[in-house]
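Here's the structure we're looking at; comments come further down.
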Amino acid sequence: MGASQTRLEHNYDDLTEKSGFSHEQIKNLYQRFQQLSGNNEKISRDDLERIPALNNNPIRKQIITAFFDKRNQHQNDVGSLDEIGFEQFLMVMSHFRPVNSKATEEEKATVRKQKLRFLFNMHDTDNDGIITLDEYRTVVEELLSQSGAIETEVARAIADAAMLEVASTNVPHMAPDDFYEGITFEHFEQILKGIEMESRMHIRFLDKNAATMRCGKLSS
Amino acid sequence: MPSRTVSHGSSGRLRGLFLVMVLVFLESSVFTLAFASSDQHSPTTAHSDGHKATDHGSHNNTGKAFPVLDLNYENVRVPFEISLWVLLASLMKLGFHLVPHLSNIVPESCLLIVVGLLVGGIIRGTGETVPPVLDSKLFFYILLPPIILDAGYFLPIRPFMENLGTILIFAVVGTLWNAFFVGGLLYGVCQIGTESSSILSRIGLLQCLLFGSIISAVDPVAVLAVFEEIHINELLHILVFGESLLNDAVTVVLYHLFEEFSGIGTVTLVKGFLGVISFFVVALGGVLVGVLYGILAAFTSRFTSHTRVIEPLFVFLYSYMAYLSAEIFHLSGIMALIACGAVMRPYVEANISHKSHTTIKYFLKMWSSVSETLIFIFLGVATVAGPHDWNWTFVTVTVILCLVARVIGVVGLTFIINKFRIVKLTTKDQFIIAYGGLRGAIAFSLGFLLEKDHFPEREIFLTAIITVIFFTVFVQGMTIKPLVELLAVKKKQEAKRSINEEIHTQFLDHLLTGIEDICGHYGHHHWKDKLNRFNKKYVKKCLIAGERSKEPQLIAFYHKMEMKQAIQLVESGGGIKLPSAMPSTVSMQNIQPRPPTKPAAERAIPQLSKTKEEEIRKILRTNLQRTRQRLRSYNRHTLVADPYEDGLSDLFLKKQKMFQIEKKLKEMNTYLTVPAPPPDSPTMCRARLASDPQAYSIKPALNKVPMIQVDLASPQSPDSVNLLDEFGQANQQEEEEQGLMMKPPSRPREGKKPGEEDEAKDQQKLMRCLSDPGPSADEDEDGAFLP
């Protein structure tokens, strides 16, 4: 553990710069990473799927996939990884940092765009840059999946209605034969204008010692 | 208002006439009241004697003439006076809004106080004693509960919970700070600043502290009255308003504490400690009582499906009982009421009919409105009634100290709070919070309750309280609106919650919970999620009747939206032109994926030109009265006067065209959402309804070209259109096939069965929806307990 520890410490500044977390937070997250990966260097999907608390989450598949999605690494790669290292783990987590209240409007807009991009990537599974009707339907179905036997018709109706709303808000005058391909990123931003993403989409990353972190029991 | 189109002259004259009538009525009612209050002393005994005499007399039949017209005011005196006051209050409210521009400049509360002053002045001017109208019992048991219940029932839970920490700190710590600061400094001023023989120096520390605790509480009635009209953003509104509600617990505890201490005279540390404990007991006890009654109410509402008429009564009764029960134990009645309303709302709303929901909404609004009006008028009257003891030093020092204490308190607390908040409170926010700390009738009533023997300085206190109230309501109330404009504070967003926002809010909730779980960090979202699941699993099953208990929130939201649209459509008779922000021509057809191109053979069917096709589609759409309307921003074709509309002879033409269209459409799943038809006379609407294809049956496809058989000539005459059936049909169809889809023939048979199961559900839904819609919909948005 010693060697990797010192190696990690050298990287702290590097990581802080890339992800924006403080040293304390990175340390805490590293400890969590170690726990999840069973002290390995990399986390695989199984490691994440083993977290018991996630079982009740209707969109756990999407969440786990998001971790392994290359698009969320702030580089222009596409595709998915099989395992992620700590740095990549951190990069994904950095999407959930709260925005600094002293940030300028521009910075806030950038952060907002970043977070929206994360959401968009979660929906746009085939990475063609638009959320098609089918993809959106899948989203709604997943959302409702834990609520017992929901008729797929209702889920589809909701997704269709939502799609229609996006279309009518963004492209109000379409001729009857035009086809609205899907929700582009700009349209996505537009319809979610009402939700203040920069303040809603965050979790509190602790600065204090890991004593305050309670971790879910992992089976390994 | 329809009178707008009438010439201004006549409407102006009407208004003037109305105002004169109001004034005359006002005068006469005042005189009656004054007369009545003086009447009570002398003739009562004479009356009763007289009655006895006449009774005896009637036996003996002494030849007294039979009174054809008799005056007996005493029997009806009390109800009569009450009704008169309420009528006066309501007429005043009417009057204000008729006077142009007045309600924009001056908040209603100020005007009402002025009216109260006038009434009091008139009564006094006629030489009579002003009746002590703002009796504390009347205030606390009759006038205050409706306002608080209205606030609690429609409390927006989500922002409240999100800011609960901030609200609690402002309410508890802020009020304590205010009370001690004002009380302490006032004592200091009284001792130091004045001569030892003056009355002020005799005011003890405890009395000052008691006064401080009375005057320091922000008043929910005043806050509501003023903030209603300025429409600031939700965050600030909930902060100030939440504070005003929750500080009741602090006020109650402090009041009783100091009252008792100043009665006994000695303060010990143990008693102080007990005071702290009693605070928790009062607050938590109040909430507990409220929650208990709320659950009872929710449980009761589960069984009311057969007696819908008395559903609203349960809501009101249980809430009032919660309030009174809390008051029995000296717990915080306001908190009980809020807790009761907030807890019972999601479950009760899932159980009761739509009409009951509307009734509850209207009744609460009505009662709280009348209460508020009466409170302010009575404040004015009580000011005139006195008794007053004006002491320049005391009053001015009080006013100044209150302001200073509030500002320092808010600034100091915000500094601490901002360390824990993500969305920090800016200086502008702080200013509004400080400035919005209005005092009101609760302070006055509490002061009124003080006993004269324990508190010889009661009148000084009352005068000071009234002055502070006047100052805050008039000065701060009037200037807050221009200040809000000046400082460009964010206003309330009027936009309706769209379904996309709803979907993504839920998505975000789950996402953040998931990320928290991955981080291993049991935060905010984790516990919220746990509570939601508990709610869904156990609580909803108990408290919500039937099928609705399993309905996930997204679906409930969606159905609510659809219902609203349907109701609007029915209400307008199908003739409204909804003020849609963006009339768009997008329809489902535009977003459905294209079918693969068909082989050439099937294209042999004659192609219609594009424009004709569009025209025909328009006809189809305008003729299909579907009750499922989507959101306003959806498909609303701009309405072209259809050339084919009139005359039955064109029906045949339409039928032909429709067949051609169906051939063209083939396997496309086409949602034909229906736009609002042109504003028409009702008979035209009914004619259109009658000609509606009521049923869609699908001919067996012979060569894989499904066709819709449209039954145009319906047997129903225009006047016998049964809307209920229409709904039933439409909803049934909705449940089974989600739109006008052309499916292979085998489906409809099977489709009927799930349709029938749902019919019971639909009938319930229908029963709930066919009613006049409620007032402004912006309170409807919060569906679940913890959304």
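The values are calculated or read from the model by the stated rules, or taken from the named source; none is laboratory data. The shown structure was predicted, so the numbers you read here are calculated from the model rather than taken from an experiment. Backbone-built Cβ (ideal geometry, glycine too); neighbour counts: all protein chains shown. The accessibility values were calculated without ligands, DNA or RNA, using every heavy atom of the protein model including side chains. Shrake-Rupley method; radii C 1.70, N 1.55, O 1.52, S 1.80 Å.
If the chain linking B:H306 and B:M321 were pulled fully straight, counting 0.36 nm for each residue of separation and taking away their Cα-Cα distance, it would gain 3.0 nm. Per residue, the accessible area of region B:393-499 comes to 43 Å², computed with a 1.4 Å probe over protein heavy atoms only. Principal axis extents of the Cα atoms in region B:318-384, from largest to smallest and rounded to whole angstrom, are 48, 31, 13.
For region B:170-178, backbone phi angles converted through the Karplus equation (6.51, -1.76, 1.60; θ = phi - 60°) give residue-by-residue couplings of 4, 5, 7, 5, x, 5, 4, 4, 4 Hz, Gly and Pro being listed as x. Based on Cα atoms of region A:99-200, Rg over Rh with Rh as the Kirkwood radius reads 1.03. Accessible area per residue for region A:99-200 is 42 Å², calculated with a 1.4 Å probe on protein heavy atoms, without ligands, DNA or RNA.
Leaving ligands and nucleic acids aside, the B/A contact buries around 6300 square angstrom of accessible area in total at a 1.4 Å probe radius.
Counting only protein chain heavy atoms and rolling a 1.4 Å probe, the accessible areas of A:E141, B:E349 rank, largest first, as A:E141, B:E349. Backbone geometry of region B:133-143 corresponds, through the Karplus equation with coefficients 6.51, -1.76 and 1.60 at θ = phi - 60°, to 3J(HN,Hα) couplings of 6, 8, 5, 4, 5, 4, 5, 6, 9, 10, 7 Hz, x marking Gly and Pro. Extending 7 Å from the Cα toward the beta-carbon at both A:D13 and B:A556 defines two label points whose distance is 5.4 nm. Amide H to amide H, with H built 1.01 Å from N, B:I232 comes under 5 Å of B:K492, counting only residues 5 or more places away or on other chains. Between B:M478 and B:L98, residue separation times 0.36 nm minus the direct Cα-Cα distance comes to 134.9 nm.
For the peptides B:163-173, B:467-477, the ranking by mean Cβ contacts within 10 Å, running from highest to lowest, is B:467-477, B:163-173.
If R0 is 51 Å, the Cβ-Cβ spacing of A:Q73 and B:C542 corresponds to a FRET efficiency of close to 0.60. Per-residue surface analysis assigns B:M561 an accessible area of about 30 Å², computed on protein heavy atoms at 1.4 Å probe radius. Calculated FRET efficiency, B:D70 to B:N418, Cβ-Cβ distance, R0 = 56 Å: about 0.20 to the nearest 0.05.
Exceedance of the 27 Å cut-off in Cα-Cα distance is limited, within the set A:K61/B:K560; A:K42/B:K528; B:K428/B:K528; B:K419/B:K491; B:K93/B:K560, to A:K61/B:K560; A:K42/B:K528; B:K428/B:K528; B:K93/B:K560. Around the amide H of A:I131, modelled in the peptide plane, lie the amide H atoms of A:I183, A:T184, all under 5 Å away and 5 or more residues distant in sequence or on another chain.
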